[in-house]
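Peer 1: Structure incoming, see below.
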Amino acid sequence: MPRFESIISRIVFLHVVAVVITSVLMSLALSWLLSYATNNIHNKAMEEQAVSVGDHLSVGADGNLELHLPSDLLGLYSQAYGRYSYAVIDEHGRVLFSSLKDNEALFPADSRSGPVEFLQQRRGEATVSGASVRKTIGEDLANRDVLIDDIVSDFYRNVGWITLPILLVLLIADIAIFRRALRPLREASEIAEGIGPARPGVRLPTDEIPREVRPLVSAVNQGLDRLEEGFRAQRDFTADAAHELRTPLSILRTRIDMLEDQTMRNALRQNVEGMAHIVGQLLDIAELDALVIGPDEKADLHSVAAGVAEFVAPLALAQGKDIALLGTTEPVWVKGNPEMLGRAIRNLAENAINHTAAGSTVEFVVEDNGTVSVLDRGPGIGEDERGLIFRRFWRRDRRRPGSTGLGLSIVQRIAELHSASITVENRNPNGARFSLRFAPLKF
């Protein structure tokens, strides 16, 4: 199909093609219908003429059939006129009366089988057609009368049934035309649905966009460029601020360690550690926004989960809680960055340790289908909270110390970068189960 920059040009071109095709189909259909109507009228006229000849047959005094045609019919069937002929044949195939020379039959005897038959054969250079109603009458098709009024009347009585389907075909063709002409806009809409904070660099295509809409698409792309620049500036600020805060926090931690008051020293150290944790998570967010998973990167989920369990075990034991690593003991290879997967599992583990009850166990479960789960015995997650817990800085209880509301958002971002899914389920009688499902690699 020719390429048009204008949507109007596309629609007009496709509509012209549809009209041409429909016109050809309509012409063929109307030609067939006209021929059908003409044949019906012609056959009906032949039958009526055959019946009229039969009406003038009578039985004579001697018991034989006699044919007395009026003068108008005699002229019609005369050899001088030459356009119409008749023949009367008995049941044995013998010709009783005929307008032809030598008293001939019009059609072979074996061609008549039913009470009413419409026959046709070649006679010399002419085609003869006729109707048999216990008698036969013939006509030279090359000279038959054209009953214009009857044909037109019968044609228009029958043409109505084909008009509606043709209009329906035109409607369907118009729908297809508009769908094809607007397909670039639908494709651009599908691309636009995928644009978001996780994919800020996606832009709408302009090559196939119609000329009338191209300025709007270009303006949208320019707006997306400005938004991406704003996101980049925000990420840079977050990363720079987090880096700049590390040094003052280290200095503050050293000075706190020099305090003589043990109680004051412990309280301040706890506050500083909380601030350091927030700074670390802000750096994680900035790093994740710029992270690209390499095509050859892979990680062993079992090894990563075991490393995280070993790392958080002292924190759990200090709070009177246990750590357990369950599931498969074989390597489970998935495509991904081992360090980032470790951060995701560690955030889930720290969240579980903070919420599980004292004396209970935080479980790590690794399955060979590429799933790693972290289970706790905390209060669980309400149905109304499951759409909120992955938002940045969202916290169920803002008065609770040590909670930043960033951990689960980091987990979700890491899952998105690895094309993984994250699910949340409540345990019976209490507790929650967070599961990360990856596509395992096959070797």
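Peer 1: Based on Cβ point charges of +1 for Lys and Arg and -1 for Asp and Glu, what charge dipole magnitude is obtained for segment 211-286 about its Cα centre, in debye rounded to the nearest 20?
Peer 2: Using Cβ point charges on Lys, Arg, Asp and Glu, segment 211-286 gives about 120 debye.
Peer 1: Continuing with this model, one more query. What does the convex hull of the Cα atoms of segment 288-443 come to per residue, in Å³, rounded to a whole number?
Peer 2: In segment 288-443, the Cα hull volume divided by residue count equals 109 Å³.
Peer 1: Using only the Cα atoms of segment 307-397, what do you get for the radius of gyration and for Dmax, in Å?
Peer 2: When restricted to Cα atoms, segment 307-397 yields Rg and Dmax of 13.9, 39 Å.
Peer 1: Give the accessible area for D207 in Å² (nearest 10); use a 1.4 Å probe, count only protein heavy atoms, and leave out ligands, DNA and RNA.
Peer 2: We get 110 Å² for D207.
Peer 1: Less than 21 Å apart at the alpha-carbon level, and either on another chain or at least 8 residues along: which lysines does that give for K442?
Peer 2: Output for K442: K298, K335.
Peer 1: For a protection proxy built on the mean count of beta-carbon atoms within 10 angstrom, sort 17-24, 42-49 highest first, please.
Peer 2: 42-49, 17-24
Peer 1: Can you bin segment 248-302 into rounded, prolate or oblate? Criterion: square roots of the alpha carbon gyration tensor eigenvalues sorted a ≥ b ≥ c, rounded for a/c under 1.5, prolate for a/b above b/c, oblate for the rest.
Peer 2: It is prolate, given that a/c is not under 1.5 and a/b is the larger ratio.
Peer 1: With +1 assigned to the C-beta of every Lys and Arg and -1 to the C-beta of every Asp and Glu, and no other charges, what is the dipole magnitude of segment 184-244 about the Cα centre in debye, to the nearest 20?
Peer 2: Computed about the Cα centre, the dipole is about 140 debye.
Peer 1: How many Å³ per residue does the convex hull of the Cα positions in segment 22-84 occupy?
Peer 2: Residue-normalised Cα hull volume stands at 102 Å³.
The values are calculated or read from the model by the stated rules, or taken from the named source; none is laboratory data. Values in this document were obtained by computation on a predicted structure and should not be read as measured data. Methodologically, a virtual Cβ is constructed for each residue, glycine included, from the backbone with ideal geometry; neighbour enumeration extends over all protein chains shown. For accessibility, only protein heavy atoms count, side chains too; no ligands or nucleic acids. Shrake-Rupley method; radii C 1.70, N 1.55, O 1.52, S 1.80 Å.
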